[in-house]
Amino acid sequence: MNSVAPPRFQFETFNPREEGSTRVRTAWISDVHLGTRASGAARLLDFLREYDFQMLYIVGDLIDIWQMRRSRYWPQQHNDVIQKILRKGTRVIYIPGNHDEMISSFYGAYGDITIQKHAIHRTADGRRILVIHGHELDTVVQNVKWLAFLGDAGYQFLLSLNPAINFFRRRFGLGYWSLSAYVKQQVKDAVSFIGKFEAAVVKYAERYRVDGVLCGHIHSAAIHKLGNVTYYNCGDWVETCSALVEHLDGHIEIVRKLDGRTLAPAVRPAPLAGVMA
């Protein structure tokens, strides 16, 4: 492991806030998968309009280069997401994931945007949190890339069924439900090594002597403590449409954008990692 510590970031002033927006200190998003039909770009735009933050961490897989190699899909709404991020006037830390790993060739600072492998974030109440995408610790992605691609193809098929399923659910007055998330959870439970993902992330973070570790990758938002380290996952924008926000006092919580509503759920039990993340 590289012994050089990731950069730390300090905060001073807020940029002018959007009218009606909620002021928070920091936001983390990951796994937006722009360039795919499954991307919840519209809901992410709502989130970006609703929250005013000084620092935005993009924790990998903003753009799905894997899928764009197979088929080209880039509607105006996906452009709008990029433009909205650039126009917010906030500092952006971009940590590439496995679906946009090509961007790791461009580590460095570009105006208000910094691209880097990982970072250490210091919260308003003084806690140090390591921020990584998480694929580095997923043995499927790291050691058997062809299997990861195969799993991704099946995952994309399941995602393609979600809109039709939820069209009929809305007709019957039912809320949003993700077939892909349900099937993925069953697969996760059946594969023994996947449950070790979170423990591996926390063990990796302990080397940095941090208070917490924050990642994405497995499309399952969570906050819970594992030993002496708090594990955070900011979820995704294809199934759960979730993010993490840090309030002005340093408190971090999950927020979701589903069916036009913003939900801030309580901390929930630990999820497992996924083959198809």
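The values are calculated or read from the model by the stated rules, or taken from the named source; none is laboratory data. Not measured: the values here are computed from a predicted model. All Cβ positions, even for glycine, are placed from backbone atoms using ideal geometry, and neighbour counts span all protein chains on display.
Worth a mention:
- Among (1) closer than 29 Å to residue 251 by Cα; (2) out of contact with any Asp or Glu (no Cβ under 9 Å at 6 or more places or on another chain) - the single one residue 71 does not satisfy: (1)
- With respect to (1) out of contact with any His (no Cβ under 8 Å at 6 or more places or on another chain); (2) modelled with pLDDT of 70 or more; (3) more than 26 Å from residue 37 (Cα to Cα), the lone exception for residue 130 is condition (1).
- Answer residue from the range 245-260, given it is surrounded by fewer than 21 Cβ atoms within 10 Å (Cβ to Cβ) and at pLDDT below 95 and is nearest to residue 125 (Cα to Cα) among those: 256
- Positions within the range 65-101 being surrounded by fewer than 16 Cβ atoms within 10 Å (Cβ to Cβ), polar (S, T, N, Q) and at pLDDT below 95, in sequence order: 71
- Among the conditions (1) under 17 Å from residue 27 (Cβ atoms); (2) among the small types (Gly, Ala, Ser); (3) outside any strand (DSSP E or B), the only one that residue 205 does not satisfy is (1).
- Criterion applied to 121, 217 was being surrounded by 20 or more Cβ atoms within 10 Å (Cβ to Cβ), within 21 Å of the chain's Cα centre (by Cα), within 23 Å of residue 245 (Cβ to Cβ) and modelled with pLDDT of 95 or more, and the one residue passing it is 121.
- Scope the range 41-70; condition of a type in the set (Asp, Glu) and on the phi > 0 side of the Ramachandran plot; matching residues: 61
- Scanning the range 28-49 turns up at least one residue that is more than 27 Å from residue 253 (Cβ to Cβ), of a type outside the set (Lys, Arg), buried (at least 16 other Cβ atoms within 10 Å of the Cβ) and under 18 Å from the mean Cα position of the chain (by Cα).
- Matching residues in the range 208-219 - criterion: being in a loop (DSSP other than H, G, I, E, B) and touching a helix residue (DSSP H, G or I) at 6+ places or on another chain (Cβ under 8 Å): 217, 218, 219
- Those helices (runs of 4 or more DSSP H) of the range 47-146 in which 1 or more residues are under 25 Å from residue 20 (Cα atoms) and touching a residue at least 24 places away in the same chain (Cβ under 8 Å) occupy 76-87.
- Residue match in the range 227-246 (condition: of a type in the set (Phe, Trp, Tyr) and part of a strand (DSSP E or B)): yes
- Any chance residue 188 is over 18 Å from residue 39 (Cβ atoms), over 17 Å from the mean Cα position of the chain (by Cα), at pLDDT below 70 and surrounded by 15 or more Cβ atoms within 10 Å (Cβ to Cβ): yes
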